[in-house]
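Report on one structure; see the data block that follows.
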Amino acid sequence: MKTAGANLAASAAFRAARDFLLQTGDPVAAHAGFRWPELHQFNWARDWFDVVAAEHGDRCALVVCAPDGDVEADFASLARRSDQLAAWMQQQGMQRGERVLVLMRNSIALYEVLLAGIKLGLVLIPSYVTISAAECADRVQRGGIKHLIAEAALLERLAQLPPLHCRIVAQGTAPGWLSLDDSRHAPFTYDPGEPTLAHDLLFGYFTSGTTSLPKLALHTHTSYPVGHLSGMYWNGVTPGSVHLNVSNPGWAKHAWSSFFVPWNAQSTIVVLDAAEIRPQFILDVLQRRAVNSCCAPTTVWRMLQQHGMGARPAALRQLNSAGEPLQPVLFDAIKQAWGLEVRDGYGQSEATCLVGNAPGLPIKIGAMGLPMPGYQVVLLDQSGALVAGEGEGEVCLDLRQGKPCGLMHGYDEQTTNKRGVVDGAFYHTGDFAKRDADGYITFIGRIDDVFKSFDYRISPFELERVMLAHPAIVELAIVPSPDPLGLVVPKAFICTHPDWYPGEETALDIARWMCEHLPPEFRIRRICFVETLPKTASGKVRRAELRDKEGKRGLPIAALDDEYLVDELLAQN
C-alpha cells in the first residue's frame, strides 16, 4: 500500500490558471485572456488539496457552525484523515468508478468522505438528508448506486432499499451497517491505482425536477474541480479569506461554493449545521467567524431582510446570490442596510458559473451580469439563429471552438431520455434571457414557463419581479390560467406579509397598484392568496405544479371561492 504523490505538472497548470484570475482585476481582460488548463490526468484532492495542505497545513480549512458550538479542521488534518479514510474504503471493497450515494449533513466527516472519495476515483452522488424513502430508492435504482453512506437518523427510512455492496453509517453503529467510526483504526496509506484521467467521472447531482423526475447530471475530475474556477472568480474569494455559503449538502451549489470555490482559492470554508437555519444564527456566524464573503440564495437574503439585518458584520466585503435571480427591491434593501451590493450569478447543476457580476464590474440592477471567463455565452432565437447585439433568446454555450471545462459530461442515460441539450454546436440551458447594448444578460424565465396571453409574451419572472415591490407580497408565483378570449391570462398565487390580511381589500390594493406600475396587457387577471407555494427540496418554486393544476380547469372557467378577478374588483370599486 502507498499513498499517491501529487502530479506536479497538473498542479502547476491548475495553479497558473487560478492565479491568472486572482491577479486580473479587469473583468473584461479576465474573460478575454483566460484559458482552461489542458489536463490529461488530474485528481483535485491529490494534485491540489494535498499540495495546499503541504504548503499551509496549519491554516484553518473548514469551520462547521452549529447552535451548540463550532468545530474546525485545518488543511493538514483533512489531508491526512482523508488518506486514512481512503485506505479503509479500499478495505471494504470500494473501487474506482463505483457510485456512492452520500446522505450526510454539514460536518467535518462529510468533507473527509468527499476528499477520500475523490482520491480513490469513486463517483460521488450527494443528496439531501431530508430525502424520502421513495426518493432514495429511486436514486439508488436509476442512479446505479453501489454504496451508501448515511446519517444514523436516516437508517429507519432507508431500511427497504435495494441490495448494496456497502451500507455505511456516518456515526455510531447499527445492525447490518458498517460504521465510519471504524475507519479511524485504518492505516494512513492507500493504493492510488492507475492515474486519474481528466475525463473520469467524479460527481453526480440529481437536478431539481421542477417539471419531471430528477435527471442525474454527471461531472468529471475536471468539469467541477477545475470548472469552478469561474465560480471562484465570481465569488471574489482570495487566499486566506473566510467564505460562508448558505447551502445544504446534496445540492450542486454546495459543491460550488462550500467546497471547490473557496478551496480553489485557499480560503477558509464556513458552513452551517442546524435543523433549521434561522436569520439570527446566520448573522451571528457572519460576525463571530469574521466572514469576508457570503453567498446565499434569494430566499435567504429575503429572510434576512425581513428579520432585520442590523449593522454590517465588520469583516464582510463580498455578497453573492444564486439559485434564482435577485429582485431589485431586495438588492436595494440589502445595500441600504449594509452598504454592500449583492452580485448576482447564474449557473446550473449541469455547469459551473456561466454569467455573473464579477468583482469590479459595474452592476446593473436585475441583470445576471456578463459571461464568466472560460465561457462563450450566446443567445439563440426560436429558429436557432444567433442573436446579434441586443435581443432575446435562449441562453446557450457556443461549443464550436471547443467544450468549456465546466460543462457536464452529460446526463446519465438511466435517469432520462432527454435529448437535444447538446446539438453539436451549442449547449442549450433551457433558460430565456435578454442582452442589452453593453452585453449584460438578464434572466427572463425558463422556456417552459413563458406563455402568450392575448398574443403578448408573458414572462412570469419579469412580472414577479415587478409585483414583489408591493408591500403586501412576500412571495408569489405566476402561471397561465385558461381564458375564453386571451387563451390564457396571468394568475398570481400570493403569500402575503403578516401585516396584510389575505382578502378582498388586499387584492383590490394590489389591483390598483398594478394599474400604476404595469401596462394593461401585462397585468395579472386572477389573484389567489396561499399560505405557501409548492417547492422543490432545494427551495425552487414548482410552477409546473401550479400550471398543471390551472390547465386542468378548462373552459368555461368560473372564479373559485379563493380567487379574485382583478377586472371585476376594479369595475366594482
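With respect to ASP431, is the statement that it is in a loop (DSSP other than H, G, I, E, B), buried (at least 16 other Cβ atoms within 10 Å of the Cβ) and either of a type outside the set (D, E, K, R) or within 26 Å of the chain's Cα centre (by Cα) (or both) true? Can you show your working first?
Numbers: in a loop (DSSP other than H, G, I, E, B): no; buried (at least 16 other Cβ atoms within 10 Å of the Cβ): yes; either of a type outside the set (D, E, K, R) or within 26 Å of the chain's Cα centre (by Cα) (or both): yes.
The answer is no for ASP431.
Give me the pairs: first residue in segment 263-282 and without any contact (Cβ under 8 Å) to a residue 60 or more places away in the chain, second residue aliphatic (A, V, I, L, M), beta-carbon distance under 6 Å, and six or more apart or on different chains, which are they?
Within 6 Å, the pairs are SER267/VAL237; PRO279/MET303; PRO279/LEU304.
Looking at the structure I just gave you, is VAL261 within 26 Å of HIS56 (Cα to Cα), crowded, with 24+ Cβ neighbours inside 10 Å and of a type in the set (Val, Ile, Thr)? Walk me through it before giving the result.
Numbers: within 26 Å of HIS56 (Cα to Cα): yes; crowded, with 24+ Cβ neighbours inside 10 Å: yes; of a type in the set (Val, Ile, Thr): yes.
Against the criterion (within 26 Å of HIS56 (Cα to Cα), crowded, with 24+ Cβ neighbours inside 10 Å and of a type in the set (Val, Ile, Thr)), VAL261 qualifies.
Of these, LYS452, LYS403, LYS418, which one is open to solvent by 10 Å² or more (accessible area, probe 1.4 Å), charged (D, E, K, R), at pLDDT below 90 and assigned to a loop (DSSP other than H, G, I, E, B)?
Details: LYS452 fails: assigned to a loop (DSSP other than H, G, I, E, B); LYS403 fails: at pLDDT below 90.
Answer to the selection: LYS418.
Which of the residues spanning segment 404-415 are in contact (Cβ under 8 Å) with a residue 12 or more places away in the chain and of a type outside the set (Val, Ile, Thr)?
Quick first cut of segment 404-415, residues in contact (Cβ under 8 Å) with a residue 12 or more places away in the chain only: 404-412, 414-415.
Answer for segment 404-415, where residues must be in contact (Cβ under 8 Å) with a residue 12 or more places away in the chain and of a type outside the set (Val, Ile, Thr): PRO404, CYS405, GLY406, LEU407, MET408, HIS409, GLY410, TYR411, ASP412, GLN414.
Output the number of the condition that ARG457 fails; it satisfies all remaining conditions of (1) assigned to a loop (DSSP other than H, G, I, E, B); (2) free of Cβ contacts under 8 Å to residues at least 12 places away in the same chain.
The number of the failed condition is (1).
One line per residue, one yes/no per condition, for (1) under 28 Å from TRP263 (Cβ atoms); (2) of a type in the set (D, E, K, R):
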site	(1), (2)
GLY93	no, no
GLU98	yes, yes
LEU103	yes, no
ARG142	no, yes
ALA152	yes, no
GLN160	no, no
ARG167	no, yes
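State whether one or more residues within segment 23-30 are open to solvent by 10 Å² or more (accessible area, probe 1.4 Å), within 26 Å of ALA290 (Cα to Cα) and modelled with pLDDT under 95. If you could, list the steps in order and put the result at the bottom.
Within segment 23-30, the subset open to solvent by 10 Å² or more (accessible area, probe 1.4 Å) is 23-29.
Now restrict to residues that are within 26 Å of ALA290 (Cα to Cα): 23-25.
Okay, now just the ones that are also modelled with pLDDT under 95, so 24-25.
Scanning segment 23-30 turns up at least one residue that is open to solvent by 10 Å² or more (accessible area, probe 1.4 Å), within 26 Å of ALA290 (Cα to Cα) and modelled with pLDDT under 95.
Identify, from the list GLU521, GLU568, GLU505, the residue that is in contact with a strand residue (DSSP E or B) (Cβ under 8 Å, 6 or more places away or on another chain), part of a helix (DSSP H, G or I) and open to solvent by 50 Å² or more (accessible area, probe 1.4 Å).
Working: GLU568 fails: in contact with a strand residue (DSSP E or B) (Cβ under 8 Å, 6 or more places away or on another chain); GLU505 fails: in contact with a strand residue (DSSP E or B) (Cβ under 8 Å, 6 or more places away or on another chain).
None of the other options fit; the residue is GLU521.
Restricting attention to segment 103-124, does a residue exist that is among the hydroxyl-bearing types (Ser, Thr, Tyr) and under 21 Å from LEU272 (Cβ atoms)?
Yes.
Identify, by number, the condition in (1) modelled with pLDDT of 90 or more; (2) open to solvent by 60 Å² or more (accessible area, probe 1.4 Å); (3) out of contact with any helix residue (DSSP H, G or I) (no Cβ under 8 Å at 6 or more places or on another chain); (4) farther than 29 Å from ALA322 by Cβ that GLU531 doesn't meet.
GLU531 satisfies every listed condition except (4).
Determine if segment 265-282 includes at least one residue that is over 20 Å from the mean Cα position of the chain (by Cα), aliphatic (A, V, I, L, M) and surrounded by fewer than 21 Cβ atoms within 10 Å (Cβ to Cβ).
no
Taking segment 268-314 only, how many residues are within 26 Å of GLU475 (Cβ to Cβ) and part of a helix (DSSP H, G or I)?
Within segment 268-314, residues that are within 26 Å of GLU475 (Cβ to Cβ) and part of a helix (DSSP H, G or I) number 18.
Could you tell me which of the residues ALA469, ALA477 is within 23 Å of the chain's Cα centre (by Cα) and small (Gly, Ala, Ser)? It would help to see each step written out before you state the result.
Working: ALA469 fails: within 23 Å of the chain's Cα centre (by Cα).
Step by step, each of ALA469, ALA477 is checked, and only ALA477 is within 23 Å of the chain's Cα centre (by Cα) and small (Gly, Ala, Ser).
Step by step: first the residues of segment 286-312, then only those that are under 30 Å from GLU464 (Cβ atoms) and of a type in the set (Lys, Arg), then the one that is surrounded by the most Cβ atoms within 10 Å (Cβ to Cβ). Which residue is that?
That would be ARG302.
Report whether or not GLY356 is closer than 27 Å to ARG542 by Cβ, modelled with pLDDT of 95 or more and in contact with a Leu (Cβ under 9 Å, 6 or more places away or on another chain). Can you show your working first?
Values: closer than 27 Å to ARG542 by Cβ: yes; modelled with pLDDT of 95 or more: yes; in contact with a Leu (Cβ under 9 Å, 6 or more places away or on another chain): yes.
It is true that GLY356 is closer than 27 Å to ARG542 by Cβ, modelled with pLDDT of 95 or more and in contact with a Leu (Cβ under 9 Å, 6 or more places away or on another chain).
Given the conditions (1) touching a strand residue (DSSP E or B) at 6+ places or on another chain (Cβ under 8 Å); (2) over 22 Å from GLY240 (Cα atoms); (3) not small (Gly, Ala, Ser), which single one is not true for ARG35?
(1)
Identify all residues within segment 313-337 that are open to solvent by 50 Å² or more (accessible area, probe 1.4 Å) and modelled with pLDDT of 95 or more; write none if there are none. Break it down into steps so the answer makes sense when it comes.
So the first thing to find is which residues in segment 313-337 are open to solvent by 50 Å² or more (accessible area, probe 1.4 Å), and the list is 314, 317, 323-324, 329, 332, 335-336.
Matches in segment 313-337: ALA314, ARG317, LYS335, GLN336.
Quickly run through segment 478-502 and pick out the residues that are touching a Cys at 6+ places or on another chain (Cβ under 9 Å), assigned to a strand (DSSP E or B) and either hydrophobic (A, V, I, L, M, F, W, C) or more than 29 Å from ALA367 (Cα to Cα) (or both).
Listed by number, the residues that qualify are ALA492, PHE493, ILE494.
Determine the pairs where a residue that is under 21 Å from ASP332 (Cβ atoms) and in contact (Cβ under 8 Å) with a residue 24 or more places away in the chain, located within segment 350-376, has a partner that is part of a strand (DSSP E or B) and polar (S, T, N, Q) with Cβ atoms under 9 Å apart, the partner being 6 or more residues away or on another chain.
If the second residue must be part of a strand (DSSP E or B) and polar (S, T, N, Q), the pairs left are GLY356/ASN320; ASN357/ASN320; PRO359/GLN318; LYS364/THR442; GLY366/THR442; ALA367/THR442; MET368/THR442.
Considering each of ALA477, ALA437, ALA425 in turn, give the residue that is more than 20 Å from GLN376 (Cβ to Cβ) and either surrounded by fewer than 20 Cβ atoms within 10 Å (Cβ to Cβ) or of a type in the set (A, V, I, L, M) (or both). It would help to see each step written out before you state the result.
Values: ALA437 fails: more than 20 Å from GLN376 (Cβ to Cβ); ALA425 fails: more than 20 Å from GLN376 (Cβ to Cβ).
On inspection, the qualifying residue turns out to be ALA477.
The values are calculated or read from the model by the stated rules, or taken from the named source; none is laboratory data. Since this is a predicted model, take the numbers as computed values, not measurements. Note: ideal-geometry Cβ built from the backbone for every residue, glycine included; neighbour counts use all protein chains shown. These area figures cover heavy atoms from the full protein model, side chains too; ligands, DNA and RNA do not enter into them. Shrake-Rupley method; radii C 1.70, N 1.55, O 1.52, S 1.80 Å.
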